[in-house]
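Structure record follows, encoded as structure tokens.
The values are calculated or read from the model by the stated rules, or taken from the named source; none is laboratory data. Small disclaimer: the values here were computed from a predicted structure and weren't measured. In this analysis, Cβ positions are derived from the backbone assuming ideal geometry, glycine residues included, and neighbour counts consider all displayed protein chains. SASA here: full protein model, heavy atoms, side chains in, ligands and nucleic acids out. Shrake-Rupley method; radii C 1.70, N 1.55, O 1.52, S 1.80 Å.
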Amino acid sequence: MCGIGGRTIAEAQQRLSYDEFCRWVAFRRRRGSLHWGMRIERSIAQLSTLYANAHRKKGAEPLSIHDFMLHEDEPELSLEQAMEQWA
């Protein structure tokens, strides 16, 4: 939140209501990072994933977007996903 509207973190915390904060959290969960570099990296990774999966050899495991994103951690598996993969 540093620098939002030209404000410091302390000023933004004082002026940002809890309701507005919750809306920002929901936006970030749905749309991802506001950082331009990360958004560009994600876009390029999506294109790379599509291209690599379209041209992979038969029987090869499909690649995920996280194989091409160097600066983002792969999300943790949910219990249901883990049980499905390990069954």
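Determine, yes or no, whether Leu79 is aliphatic (A, V, I, L, M) and modelled with pLDDT of 85 or more. Yes: the conditions hold for Leu79.
Filtered by the rule that a residue be open to solvent by less than 100 Å² (accessible area, probe 1.4 Å) and not aliphatic (A, V, I, L, M), the range 60-87 gives Pro62, Ser64, His66, Asp67, Phe68, Glu72, Pro75, Ser78, Gln81. Restricting Arg56, Arg39, Arg30 to those that are touching a Ser or Thr at 6+ places or on another chain (Cβ under 8 Å) and either β-branched (Val, Ile, Thr) or at negative phi (or both) reduces the list to Arg39.
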